[in-house]
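Chemist: Would you mind keeping the following structure in view while I ask a few things?
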Amino acid sequence: MKMILAMVRKELVDAARDKRSVMAGLYYAIGTPLLMCGMFMVLIGQLSSPEDLNININNADNAPDLVRYLSNNGINHGEGEDANKITLTISDDYATNMAKAKQAEVLLIADNSDEKLQKSIRRLERQLQTYSAEMGSIRLIARGINPRITQPLKINVEDQATPDSKGGMILGIAIFTMMYSVFISGMNLAIDTSAGERERNSLALLLSHPMSTRQLVISKIIAVSCFALLGLILILLVSKVAYAFVPWQEIGFTVNITQDFMGLMFIVGIPVALMAATLQLYVSFMAKTFKEAQSYLTMVLFVPLALSIAASYNIAPDVLQWLPVSGQQQALMDFIKGREIPMLQLIISSITTLIIAIALAAGLEKSLKSEKVVFGL
């Protein structure tokens, strides 16, 4: 154990000397929550329709009641470039058709591909449909017909979603970035302490010391895992502060990263960090050069990335709930939405993660006994 701790200290000291390489991995943990919050602020600003919506209304004199109705609901006739983005044209025979209880036409002109206008367009469409339904009811009443006869089915919808559970959908993306930070934060150290040491001819020198290959492997795994968990801690702390500045209430969400979630995320992240460390070290030792290790890891990390994305967007088949990364992430999403934690799913996926880590560590120990791997032949 003393030898392992000494080797871990040596790896951490070597990593600390190369500050640029270390920070390159930790920049993801620090910068990603800030970028995500900025993106969410811009997105909320685009999706949130203003309280008073100004549009261009042509032939407004032909439908004074309609214009008044829209004005009472915060949709007014305006001038300028912003108002001209949505145009409502009232037909010339609108008043005549309304007086004769015929169908009157209005034309809504807008660019529906513009994400900034979509909510405003939907708002105007809803108000026009509501006005049309009210006018139809008035026509039926004038003929002595109960308007309810045209509505044989009354649909009552009870939304059981809470602001916290709605916010869980957003936090699903945040959990994805947190999971991925475990793989990114320690990647540079994993490459440097494997392929990098081999290129510097220091790996063979380490193996010549009175220590076993297993001790060397364990020390490197612990060192890389420490950096992976450091990245996880940083992204949790930055996310807790940064996400509080996003105006979630404008879209009816509540996003709160609690201390309970942070604690659970860290505990769940420990086996993921061990698996990430062993995977990155194993792939890096299999590569012959530093650059080759970087290329291989970029491709290999697509697997946990795909599992995490599948869990975030709920597009994963049921079998993925028992696998590493996706299983833990789905359990964390249930926790953040206020649901009961699927303990069996969380335990099995975590045990599977540890089994993969142990298998990779055993393969790494065996490979370091080969001269081809040690000298990169």
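Chemist: Test VAL268 against the criterion of being more than 18 Å from ASP192 (Cα to Cα) and buried (at least 20 other Cβ atoms within 10 Å of the Cβ), and give yes or no.
Modeler: Details: more than 18 Å from ASP192 (Cα to Cα): yes; buried (at least 20 other Cβ atoms within 10 Å of the Cβ): yes.
So VAL268 fits the description; yes.
Chemist: Taking interchain pairs and intrachain pairs at least six residues apart, which have beta carbon atoms under 6 angstrom, with the first residue in the range 100-113 and within 19 Å of ALA83 (Cβ to Cβ) and assigned by the TED database to the domain that holds LEU124 and the second surrounded by 13 or more Cβ atoms within 10 Å (Cβ to Cβ) and among the hydroxyl-bearing types (Ser, Thr, Tyr)?
Modeler: LEU107/THR89; ILE109/THR87
Chemist: If I go through the range 242-286 residue by residue, how many of them are in contact with a Lys or Arg (Cβ under 9 Å, 6 or more places away or on another chain), more than 26 Å from SER326 (Cα to Cα) and among the aliphatic types (A, V, I, L, M)?
Modeler: 1
Chemist: Among the residues of the range 70-82, is there at least one that is in a helix (DSSP H, G or I), among the hydrophobic types (A, V, I, L, M, F, W, C) and surrounded by fewer than 17 Cβ atoms within 10 Å (Cβ to Cβ)? Steps first, answer last, please.
Modeler: Initially, the range 70-82 is screened for residues in a helix (DSSP H, G or I), giving 70-72.
Still in the running and among the hydrophobic types (A, V, I, L, M, F, W, C): 70.
In the following step, the residues that additionally are surrounded by fewer than 17 Cβ atoms within 10 Å (Cβ to Cβ) were identified as none.
No, the range 70-82 contains no residue that is in a helix (DSSP H, G or I), among the hydrophobic types (A, V, I, L, M, F, W, C) and surrounded by fewer than 17 Cβ atoms within 10 Å (Cβ to Cβ).
Chemist: At least 3 residues that are hydroxyl-bearing (Ser, Thr, Tyr) and in contact with a helix residue (DSSP H, G or I) (Cβ under 9 Å, 6 or more places away or on another chain) in each: list the helices (runs of 4 or more DSSP H) lying fully within the range 294-370 that qualify. So that I can check it myself, show each step before the final result.
Modeler: Details: elements: 302-312, 326-336, 343-367.
In the range 294-370, 343-367 are the helices (runs of 4 or more DSSP H) which contain 3 or more residues that are hydroxyl-bearing (Ser, Thr, Tyr) and in contact with a helix residue (DSSP H, G or I) (Cβ under 9 Å, 6 or more places away or on another chain).
Chemist: Shifting gears a bit: From (1) open to solvent by 70 Å² or more (accessible area, probe 1.4 Å); (2) over 31 Å from the mean Cα position of the chain (by Cα); (3) at pLDDT below 85; (4) among the hydrophobic types (A, V, I, L, M, F, W, C), pick out the condition that doesn't hold for MET41.
Modeler: Only one criterion is unmet by MET41, namely (2).
Chemist: Shifting gears a bit: Step by step: first the residues of the range 360-377, then only those that are charged (D, E, K, R) and under 14 Å from LEU216 (Cα atoms), then the one that is modelled with the lowest pLDDT. Which residue is that? Steps first, please.
Modeler: If we filter the range 360-377 for residues that are charged (D, E, K, R), which is where we start, we get 365-366, 369, 371-372.
Keeping just the survivors that are under 14 Å from LEU216 (Cα atoms) gives 365-366, 369.
Details: GLU365: 85, LYS366: 86, LYS369: 76.
Within the range 360-377, the match that is modelled with the lowest pLDDT is LYS369.
Chemist: Going through GLU134, GLU105, GLU158 one at a time, which residue ends up being within 30 Å of ILE75 (Cα to Cα), of a type in the set (Asp, Glu), open to solvent by 40 Å² or more (accessible area, probe 1.4 Å) and at pLDDT below 85? Can you show your working first?
Modeler: Numbers: GLU134 fails: at pLDDT below 85; GLU105 fails: at pLDDT below 85.
After applying the criteria, what remains is GLU158.
Chemist: Continuing with the same structure: Closer than 29 Å to ILE251 by Cβ and among the β-branched types (Val, Ile, Thr) - does that describe any residue in the range 132-154?
Modeler: no
Chemist: Could you say whether any residue in the range 45-56 is among the charged types (D, E, K, R) and in a loop (DSSP other than H, G, I, E, B)? Steps first, answer last, please.
Modeler: So the first thing to find is which residues in the range 45-56 are among the charged types (D, E, K, R), and the list is 51-52.
Subsequent filtering for residues that are in a loop (DSSP other than H, G, I, E, B) retains 51-52.
Scanning the range 45-56, I find at least one residue that is among the charged types (D, E, K, R) and in a loop (DSSP other than H, G, I, E, B), so the answer is yes.
Chemist: Could you list, in sequence order, all residues of the range 336-375 that are surrounded by fewer than 16 Cβ atoms within 10 Å (Cβ to Cβ) and within 15 Å of LEU206 (Cα to Cα)?
Modeler: Hits for the range 336-375 are LYS369, SER370, GLU371, PHE375.
Residues are listed down the side, and each one gets a yes or a no for (1) closer than 21 Å to SER120 by Cα; (2) not assigned by the TED database to the domain that holds GLN280:
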site	(1), (2)
ASP14	no, no
ASP18	no, no
ILE30	no, no
CYS37	no, no
PRO64	no, yes
ILE75	yes, yes
ASN84	yes, yes
THR89	yes, yes
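Chemist: Between ALA24, ALA15, which is buried (at least 16 other Cβ atoms within 10 Å of the Cβ), over 30 Å from ILE251 (Cβ atoms) and in contact with a helix residue (DSSP H, G or I) (Cβ under 7 Å, 6 or more places away or on another chain)? Lay out the reasoning, then the answer.
Modeler: Values: ALA24 fails: buried (at least 16 other Cβ atoms within 10 Å of the Cβ).
Going through ALA24, ALA15 in turn, the sole match is ALA15.
Chemist: Which pairs have Cβ atoms under 8 Å, sit 6 or more apart or on different chains, and link a residue in the range 126-140 that is more than 15 Å from ALA104 (Cα to Cα) to one that is assigned to a helix (DSSP H, G or I) and open to solvent by 60 Å² or more (accessible area, probe 1.4 Å)?
Modeler: LEU140/ILE149; LEU140/THR150
Chemist: Being modelled with pLDDT of 90 or more, exposed (fewer than 14 other Cβ atoms within 10 Å of the Cβ) and of a type in the set (Lys, Arg) narrows it down to one of ARG126, ARG139, so name that one. Reasoning before the result, please.
Modeler: On the way: ARG139 fails: modelled with pLDDT of 90 or more.
On inspection, the qualifying residue turns out to be ARG126.
Chemist: Restricting attention to the range 27-38, which residues are open to solvent by less than 50 Å² (accessible area, probe 1.4 Å) and in contact with a Ser or Thr (Cβ under 8 Å, 6 or more places away or on another chain)? Give the steps one after another, and end with the answer.
Modeler: Residues of the range 27-38 open to solvent by less than 50 Å² (accessible area, probe 1.4 Å): 29, 31-33, 36-38.
Within the range 27-38, ALA29, THR32, PRO33, MET36 qualify.
The values are calculated or read from the model by the stated rules, or taken from the named source; none is laboratory data. Since the structure is predicted, the reported quantities are computational estimates derived from the model, not experimental observations. Every residue, glycine as well, gets a Cβ built from its backbone with ideal geometry; the counts of neighbours run over all protein chains shown. To get the accessible areas, we keep the full protein, side chains included, count just its heavy atoms, and leave off ligands, DNA and RNA. Shrake-Rupley method; radii C 1.70, N 1.55, O 1.52, S 1.80 Å.
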